[in-house]
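K.L.:
Below is the structure I would like to discuss, written out as structure tokens.
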Amino acid sequence: QVQLVESGGGLVQPGGSLRLSCSVSGMIFSINSMGWYRQSPGKERELVADISGVGITKYGDSVKGRFAIYRDNAKTTVYLQMNSLKPEDTALYYCNYVGKQTIVDKPSDYWGQGTQVTVSS
């Protein structure tokens, strides 16, 4: 089994900052990518940022230049530093892990339960 533990959401004023973290544990053979998606009411889930197993990062267009994703040396915890937050960043943020549990598995998707980020004055 694979577990994802998220933390760091909350309420922040426009222009403020928050940092989200997500740790993956359990039966992990390899990590293809880890990252963050978000979803707000009435909208589809969208990519915020992710980082591949070799460290290549990808960002959604709306957060480029404001958010940064990075990970620890063990590659099992990813962080999302969110700066210059805007009301439109308000959403439920989900951690995503794509990887294999054993050498013979195909990569699978795993999701955290989500952490709420609210940007409001």
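The values are calculated or read from the model by the stated rules, or taken from the named source; none is laboratory data. Fair warning: this is a prediction, and the values are worked out from it, not measured in the lab. Accessible surface is based on the protein model in full, side chains and every heavy atom, while ligands, DNA and RNA are left aside. Shrake-Rupley method; radii C 1.70, N 1.55, O 1.52, S 1.80 Å.
K.L.:
Leaving out ligands and nucleic acids, and using a 1.4 Å probe, what accessible area per residue does the chain come to in Å²?
P.N.:
54
K.L.:
Under the 0.36 nm per residue contour assumption, what length would be gained going from the current alpha-carbon distance of residue 108 and residue 11 to full extension?
P.N.:
Full extension of this stretch gives 31.7 nm more.
K.L.:
Moving on. Given a 1.4 Å probe and the protein chains all in place, what does the accessible area of residue 54 round to, in Å² to the nearest 10?
P.N.:
Surface accessible to solvent at residue 54 totals approximately 120 Å².
K.L.:
List the extent of the Cα atoms of the chain along each of their three principal axes, largest first, rounded to whole Å.
P.N.:
49, 26, 22
K.L.:
Taking all protein chains in place and a 1.4 Å probe, what share, in percent, of the accessible surface of the chain do carbon and sulfur account for? Please report the intermediate quantities before stating the final value.
P.N.:
Details: 3190 of 6520 Å².
On the chain, the fraction of accessible area on carbon and sulfur atoms equals 49 percent.
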